[in-house]
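> Following this message is one structure expressed as structure tokens.
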Amino acid sequence: MNLKDEILKLKEELDVTLVAHYYQRDEVFELADIVGDSLELAKKAKQTDSQYIVFCGVGFMGESVKVLSPEKTVVMPKVACCAMARMIDEGYYEQNLKIINDAGIKNEDLLPITYINSSAKVKAKVGEMGGMVCTSSNAYKIIEKGLETGKKIFFVPDRCLGQNFAKQMNLKSAVVGDGTNLADADVICYNGFCSVHQQFSVDDIEFYRNKYEDILIAVHPECDPSVCDAADFVGSTSQLITYISELPKEQKVAVGTEFNMVSRLRTENTYILSSTKPECPTMNETTLLDVYDTLLSIKNNNISPEREIFVDENTVKYAKIALQRMLEV
Ligand code: 13P
Ligand code: SF4
């Protein structure tokens, strides 16, 4: 039997749901019971009855499932780290707050919002301060809700997402440490970014616009604001999929997000908005063999502690508050 059949057989035998983000390799993606963007995966994994969630994605995604459903066993075939999520920890969070305080803004005048691409510990910090989580599909709504408090938003860790949504909402944004005026801003962004989405540039957009007169450009909001400004559509992975699937077949589109997902979108008239192959290195790490080994370890009751997601009780308490505030909105 080949690896794919072995995996299917083990899935049938076990009380398991296999979950995969859109950026996973095709061979892993095809076997998943649930696929989706970060928001959909957090919601759907929580709703399953399975005791075991085998999550093919990056660490913060598995952690979000564990925080929302601590009673489930969450196992990741590769606990791959999102480079952006690693740009912030509790220490950097506090350090940034201090810089903001030094600019004359008190904590009680700040409402923190963390992009879901952050650790459970950072989510807990945000939850403790009365804040919420957001994803790329609901950031507009969450920021809008946050502004109802009359406070400034402290947006972590993705400066691009913060700046892009602030612009869409006609708000002023600033970035901690880049010399912009914090006191004047409605949205104060932490200076983190996604190294994969930084690869798309305005030059790439010009290249495709010069090559194909009527081409459309669709990008993820983790791209630089200059790229989002020059695009025709900006959306989360799910929103990009819907937008592109509704285009007429002959409409050309160049897409600024991860390569595995773009290559599955349409067979024709779809281009990656880059001269390189922008794969998310960590998402790309999970192989069929990792999935097989993980399922086998569940069957044999010897799951490696390196693969299982554990979040301590206090972190679960506050990170859950931040995630639930998002789900309620
Ligand atoms: P989505 O929530 O749009 O799936 O994005 C997750 C991500 O990490 C994109 O880089
Ligand atoms: Fe993180 Fe970027 Fe990979 Fe998304 S594409 S998981 S933001 S490193």
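The values are calculated or read from the model by the stated rules, or taken from the named source; none is laboratory data. Since this is a predicted model, take the numbers as computed values, not measurements. Every residue, glycine among them, receives a Cβ derived from its backbone with ideal geometry; neighbour counts consider all protein chains shown. Heads up: the accessible areas ignore ligands, DNA and RNA and are worked out on the full protein's heavy atoms, side chains in. Shrake-Rupley method; radii C 1.70, N 1.55, O 1.52, S 1.80 Å.
> Assuming 0.36 nm per residue, please report the length gained on full extension of the stretch S226 to E90 beyond their Cα-Cα distance. Write down the numbers at each step before the final one.
Working: separation 136, 0.36 × 136 = 48.96 nm, distance 2.97 nm.
Gain on extension, S226 to E90, equals 46.0 nm.
> Using a simple charge model, +1 on the beta-carbon of Lys and Arg, -1 on the beta-carbon of Asp and Glu, nothing else, what dipole does region 158-259 show about its Cα centre, in debye to the nearest 20? Each step should come with its number before you reach the end.
On the way: 7 positive and 16 negative charges, 20 e Å.
Using Cβ point charges on Lys, Arg, Asp and Glu, region 158-259 gives about 100 debye.
> Find the centroid of the Cα atoms in region 280-329 and in region 195-214, then give the distance between the two in whole Å.
35 Å
> Now for a separate question. Over the chain, what percent of the accessible surface lies on carbon and sulfur atoms, probe 1.4 Å?
Details: 6600 of 14260 Å².
Exposed carbon and sulfur together represent 46 percent of the surface.
> OK, next. Report the local net charge at A231: Lys and Arg +1, Asp and Glu -1, summed over other residues whose C-beta lies under 13 Å from its C-beta.
Values: positive: K167, R209; negative: D204, E206, E222, D224, D229, D232.
Around A231, the surrounding residues sum to -4.
> Kindly provide the helix-only [θ] at 222 nm of the chain, computed as the sum of -39,500 (n - 2.57) over DSSP H runs of four or more divided by all residues, to the nearest 500 deg cm²/dmol? Walk me through the intermediate numbers first.
Working: 14 runs with 136 residues, N = 329.
Calculated at 222 nm, the ellipticity per residue is -12000 deg cm²/dmol.
> Run the numbers for N170 and K249: contour at 0.36 nm per residue of separation, minus the present Cα-Cα distance, in nm.
25.0 nm
> If you don't mind, there's one more thing I want to ask. Only residues of region 80-122 count here: report those whose backbone N is under 17 Å from the spot 7 Å along Cα→Cβ of L147, or say none.
Label zone hits: 110-114.
> Can you pick out the pairs among K44/K277; K125/K320; K44/K299 whose Cα atoms lie more than 21 Å from each other?
Values: K44/K277 30 Å; K125/K320 11 Å; K44/K299 23 Å.
Flagged as over cut-off: K44/K277; K44/K299.
> Does anything in region 233-251 have its amide N under 19 Å from the 7 Å Cα→Cβ label point of R264, and if so which residues?
Zone members listed by number: 235-247.
> Oh, and also: With N set to the number of residues, divide the alpha-carbon radius of gyration of the chain by 2.2 N^0.38 Å and report two decimals. Could the numbers behind the result be given before it?
Values: Rg = 20.1 Å, N = 329, 2.2 N^0.38 = 19.9 Å.
Working it through for the chain, the quotient is 1.01.
> So which residue, out of E308, E222, E148, gets the largest mean-square fluctuation from a GNM of the chain using Cα contacts under 10 Å as springs?
Maximum among the listed residues: E148.
> Evaluate 2.2 N^0.38 Å with N set to the residue count of region 167-246, then give the Cα radius of gyration divided by it.
On the way: Rg = 14.7 Å, N = 80, 2.2 N^0.38 = 11.6 Å.
Rg over 2.2 N^0.38 Å, computed on Cα atoms: 1.26.
> Most fluctuating residue of K299, K252, K211 in a GNM of the chain with Cα springs under 10 Å: which is it?
K211
> Step through the table entries K66/K151; K11/K46; K46/K167; K106/K172; K167/K317, compare each Cα-Cα distance with 23 Å, and write down the pairs that go over it. Display every interim value, and only then the final one.
Numbers: K66/K151 30 Å; K11/K46 18 Å; K46/K167 33 Å; K106/K172 18 Å; K167/K317 33 Å.
Flagged as over cut-off: K66/K151; K46/K167; K167/K317.
> In angstroms, what radius of gyration and Dmax does region 236-303 have, counting Cα atoms only?
Calculated on Cα positions, Rg and Dmax stand at 16.7, 52 Å.
> Sticking with the crude label model, points 7 Å out along Cα→Cβ, report the distance from Y292 to E328 in nm, one decimal please.
Computed distance between label sites Y292 and E328 equals 4.7 nm.
> Mind checking the dipole of region 58-190: about its Cα centre, +1 per Lys or Arg Cβ, -1 per Asp or Glu Cβ, Debye to the nearest 20?
On the way: 16 positive and 15 negative charges, 74 e Å.
Around 360 debye, computed over region 58-190.
> With r as the distance between the Cβ atoms of F207 and K4 and R0 = 45 Å, compute the FRET efficiency 1/(1 + (r/R0)^6) and round to 0.05.
On the way: r = 38 Å, r/R0 = 0.85.
Approximately 0.75, to the nearest 0.05.
> Pick from G57, G235, G177 the residue whose mean-square fluctuation is largest in a GNM of the chain, springs joining Cα atoms under 10 Å.
Evaluated over the chain, the most mobile residue of the options is G177.
> Placing +1 at every Lys and Arg Cβ and -1 at every Asp and Glu Cβ, with all other atoms neutral, what dipole size does the chain have around its Cα centre, in debye to the nearest 20? Write out the running numbers ahead of the final one.
Working: 35 positive and 49 negative charges, 103 e Å.
Dipole size: approximately 500 debye.
> Sticking with this structure for a sec: Name the residue from I100, S64, P112 whose Cα lies farthest towards the positive end of the charge dipole of region 52-193, charges +1 on Cβ of Lys and Arg and -1 on Cβ of Asp and Glu.
Farthest towards the positive end: S64.
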